[in-house]
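Have a look at the structure below before the remarks.
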Amino acid sequence: MKLLFEFKNMLTITIYMKKTFFTLTLCALSIVMQAQKFNYPSTVKSSQSDDYFGTIIADPYRWLENDTAKNTGEWVKEQNVVTSAYLSKIPFRDKLRKRLTELWNYPKYGAPEKEGAWFTFYKNDGLQNQAVLYVQKGLNGVIEVLLDPNKLSVDGTVALQATAFSKKQKYFAYAVSASGSDWQEIYVLDFVSKKLLADKLEYVKFTGISWAGDDGFYYSGYARPKDEKTKFSAKTEYQKIYYHKIGTLQSADKLIYEDKEHALRYVGAHLTEDERFLVLGISEGTDGSEIKIKDLHDHSNDKFITIVPGFKTNAGVVDNQGNKILLQTNSDAPNYKVVLLDPLHPSKENWKVVIAEQLQPLDGVGTGGGKIFAQYLQNATTKVRQYDYSGKLEKEIVLPGLGTAAGFGSKKEDDFFYYSFTSFTYPTTIFRYDIKTGESKLYKKSEVKFEPTDYETKQVFYKSKDGTKVPMFVTYKKGMKLDGNNPTLLYAYGGFNINITPAFSVANMPFLENGGIYCVANLRGGGEYGEDWHKAGMLEKKQNVFDDFIAAAEYLIKEKYTSPAKLAIRGGSNGGLLVGACMTQRPELFKVALPQVGVLDMLRYHKFTVGWGWAVEYGSSDHKDQFNYLLKYSPLHNLKKGVCYPATLITTADHDDRVVPAHSFKFAATLQDAQGCNNPVFIRIDSKAGHGAGKPTSKVIEEAADIWSFVFYNMDVNL
């Protein structure tokens, strides 16, 4: 009778059953039903397949790549319905959303920037969808709204991108993007009257705005897409440089540079501060650059001079000293150095080293007040040194602690500027820096309701599969008991020479408040230890990145921070690839997986929008040797039927034209079909949103509430 009672409780049956055998049968049936309780939408399979050098690869969900097709739209709606139904039943979801809204509701400021007699800065009052751009004359002038992007749309989905004042602040140009797309439009304000001019430039992306006096500006643009319906997924080719003269139509813009022989190259343009040199930065992808310049004072020569040939190194123009160019480069210097060169004699043997390569990688170089500010990374935290233009070290800037600082630069005539500092438990704070004295003074402290002394961050080092030492930041409440039972989220990126450094995020606070441990691993593929660290995680060595991430998880488990039942992994874009690869390689290691806007189909990623630019990082399935190693880790192609994968919430957006949503669509359909246990697999497809930049506050809060609800619920943590 006791046995019968236990089974009744398990099955929540209220009928009395006389035969234990019948009860056992019902129990077995319940287990089967539990495994099938998620009523996923039916996803039609086609017979599509491709032949890669004699290897046949099935692609049954190819039709989901057509994001404008009616059947794809219906599939998206059906998936969102089941995802929403699941999330809505999580009992503490509303509680998390409310707490996130409370935490978010405080004024957030950006560091002021000086333009002539004016200062501009961004401010969000708290829950505004987009930060507002303000302006004031001098330090004590009346603060006025220069541009409020919240008034550009009813739902806050139009965001500011590049902005620039003309030389004497007669005009203000700005680019906006809608619904998170990379496509932008440029507009111009008369700064005195604040009236919008008729000038409007379309079909631009990945552009800056570089003014030549007050007459016009240079920008990067594309030809009008052949088919407007496919502009969010079709391959983007032939970027060009144009000059726009104020008061004229875009059709009259002067073509400054194009390369008809190489469709798949990015090109950007900017003028040096004195407007003497027009600088072109050209790349064939996300790694490697070529630099061309034109001396606008030399009227006898209208051609560009190549001062850094492409594309084996990375370089950028810092400034000019008269007719010489100051250059940051990793040529023969994996950690970067700064050199001075003569554009008429640009070969490396003629370079003069201004700032030699250091043990720490040189993360960025700014100028201001006649000084050079070199930002270095020491174990993924910022160090800043001030030099004169001859390369003499003058001082090291004292920062509040170990964290991330940004904003070191201004105009030549300035004697001070503002910079920001942040860390995992140090909300973003703004300081004023005196260039002459080297003194930093607090300018604006964060008003977020957060007590840093309640939490601690420590940096640990662990060994990866091949013995490489990898750093990781671990943040949690002080006094936490490390008993292997703590909810833990492991985040990383690991690619494209991008550094993941300490930063405060209000979105993470509900996780930490409820006993979570937040971990950030600095994997190979990033630039935290220079170009060698980057190269150790790209192309045929990409598996090192996944090994580093898996080793981080194993370390956290071994050291009793957490256990597989309480461990979630998260990453976006290239980090989404990271999560997808690791959850398919070691599914038993994680309870929850959160691949966000991920690159998940490694055989076809280069066929959409600007995906071709990542081939220098990943390789391409168009080449046999690269196809072979891509296939080994491509998340989509390594899902196996019947394997128990972690509870998975895939996130993407309908206007993501960086990593097209087809990656997430196909991965979700395949994983739902393959899942071998009762761990849920859902996809959350945001509307009027893109890869992440410019996402309105309301959408950010909604997404964060859904993610933390999913994480806690699937870890059996009740809030």
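The values are calculated or read from the model by the stated rules, or taken from the named source; none is laboratory data. Small disclaimer: the values here were computed from a predicted structure and weren't measured. Counting neighbours? That spans all protein chains shown, and the Cβs are built from the backbone with ideal geometry, glycine included.
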| remark: The condition of being closer than 24 Å to L139 by Cβ and surrounded by fewer than 19 Cβ atoms within 10 Å (Cβ to Cβ) holds, among Y443, Y433, only for Y443
| query | Across the stretch 679-694, which residue is farthest from T101 (Cα to Cα) among those that are assigned to a loop (DSSP other than H, G, I, E, B) and at pLDDT 85 or above? | reply | N679
| Taking the stretch 588-605 only, how many residues are outside any loop (DSSP other than H, G, I, E, B) and buried (at least 23 other Cβ atoms within 10 Å of the Cβ)? | 6
| task | Please give the strands (runs of 3 or more DSSP E) falling wholly within the stretch 360-479 in which 2 or more residues are under 30 Å from G126 (Cβ atoms), among the polar types (S, T, N, Q) and touching a residue at least 40 places away in the same chain (Cβ under 8 Å). | result | 381-387, 416-423
| Of residues in the stretch 348-359 being assigned to a strand (DSSP E or B) and hydrophobic (A, V, I, L, M, F, W, C), the one nearest to A406 (Cα to Cα) | I355
| query | So, in the stretch 115-170, of the ones that are loosely packed, with under 14 Cβ neighbours inside 10 Å and among the acidic types (D, E), which residue ends up nearest to F416 (Cα to Cα)? | reply | E144
| Pick from the stretch 320-346, criterion over 35 Å from the mean Cα position of the chain (by Cα) and not in a strand (DSSP E or B), ranking: surrounded by the fewest Cβ atoms within 10 Å (Cβ to Cβ) | G322
| said: Any residue at all in the stretch 528-535 that's modelled with pLDDT of 95 or more, under 30 Å from D332 (Cα atoms), assigned to a loop (DSSP other than H, G, I, E, B) and under 15 Å from the mean Cα position of the chain (by Cα)? | reply: no
| message | I need the full set of residues from the stretch 53-109 which are under 23 Å from R658 (Cβ atoms), crowded, with 17+ Cβ neighbours inside 10 Å and touching a Lys or Arg at 6+ places or on another chain (Cβ under 6 Å), in order please. | response | Y61, L64, T83
| said: So if I check each of A269, A333, A263, A315, which one is within 30 Å of W63 (Cα to Cα) and of a type in the set (A, V, I, L, M)? | reply: A263
| message | If I go through the stretch 139-165 residue by residue, how many of them are in contact (Cβ under 8 Å) with a residue 60 or more places away in the chain, among the polar types (S, T, N, Q) and outside any strand (DSSP E or B)? | response | 1
| note | Residues of the stretch 144-188 being more than 28 Å from S410 (Cα to Cα) and of a type in the set (V, I, T), in sequence order, are V154, T157, V158
| remark: Every listed condition ((1) assigned to a strand (DSSP E or B); (2) surrounded by 19 or more Cβ atoms within 10 Å (Cβ to Cβ)) holds for T306 save (2)
| query | If you go through the stretch 655-663 one residue at a time, do you hit one that is assigned to a helix (DSSP H, G or I) and either more than 17 Å from the chain's Cα centre (by Cα) or buried (at least 22 other Cβ atoms within 10 Å of the Cβ) (or both)? | reply | yes
| field | Any chance V267 is surrounded by 15 or more Cβ atoms within 10 Å (Cβ to Cβ), β-branched (V, I, T) and more than 25 Å from the chain's Cα centre (by Cα) | value | no
